[in-house]
Amino acid sequence: MKRAAIRSLAAFLTVALGLACGAQAGSAWDFTPINWTGATNNVWSNTGNWSGGAVPITRFNAPSFINGGNGNTTIDLGTGATAEYIIFDTANAAAYTIGSGGVGVQNLTFYSAGRARIVMGAAVANDELFNANVILGTGNTVSVVQDSVNTLTFAGGIMAGASGANTLAQLPQLAT
């Protein structure tokens, strides 16, 4: 197996196992999934919409979309949101739209950590959409792991947040 494929597989397994094991900040997985509940409304910054009442605002939090979101599935990012991981997983994940108000109106910025991921697990039964502009942090590669047969669409722009090499890379599909 090629070295790049092995690294891709290792990165995917890190995210997948982190979710399965309930990863914690500072652990080997280095992130904590925070699940969107949509219990209050569709606003990203509202603590009532996230499990445990915590908005995923640090690079050690992984916004996770694993349920129906109480019908609040077009996520309003307001003046912008920042993440290191975005995870769509389980068959119960609704068809989410990240970014409200139309294509390219809002921004989702990925941290400059060099290991950012957008993961769409194999069990996801709906298409997922990014209407927001995806802004890559300085010198960052945002890897996309799409293991579902459904569509993951980037309708907004994909932009470099600052100088330096920035890459959006699709990792190989791992489902059999």
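The values are calculated or read from the model by the stated rules, or taken from the named source; none is laboratory data. Bear in mind that the values here come from a model prediction, so they are computed numbers and not experimental data. Note that we place each Cβ from the backbone using ideal geometry, even for glycine, and neighbour counts take in every protein chain shown. These area figures cover heavy atoms from the full protein model, side chains too; ligands, DNA and RNA do not enter into them. Shrake-Rupley method; radii C 1.70, N 1.55, O 1.52, S 1.80 Å.
A few comments on the model shown:
- In the range 10-51, the residue that is nearest to Gln106 (Cα to Cα) out of those that are at pLDDT 90 or above and open to solvent by 60 Å² or more (accessible area, probe 1.4 Å) is Ser45.
- Residues that are within 19 Å of Ala39 (Cβ to Cβ) and surrounded by fewer than 20 Cβ atoms within 10 Å (Cβ to Cβ), drawn from the range 98-121: Ser100
- Flag if Ala165 is of a type in the set (A, V, I, L, M, F, W, C), over 16 Å from the mean Cα position of the chain (by Cα), over 13 Å from Phe88 (Cα atoms) and at pLDDT 70 or above: no
- Scanning the range 105-156 for residues that are of a type in the set (D, E, K, R) and part of a loop (DSSP other than H, G, I, E, B), we see that the one that is modelled with the lowest pLDDT is Arg115.
- Checked against (1) modelled with pLDDT of 95 or more; (2) out of contact with any Gly (no Cβ under 6 Å at 6 or more places or on another chain); (3) farther than 21 Å from Gly137 by Cβ, Ala94 passes all but a single condition, namely (2).
- Filter result (within 12 Å of Val119 (Cβ to Cβ) and acidic (Asp, Glu)) within the range 76-106: Glu84, Asp89
- For first residues located in the range 45-60 and under 16 Å from Tyr85 (Cα atoms), partners that are surrounded by fewer than 15 Cβ atoms within 10 Å (Cβ to Cβ) and at pLDDT 90 or above and lie 6+ apart or on another chain with Cβ distances below 8 Å form the pairs Ala54/Thr47; Val55/Ser45; Val55/Thr47.
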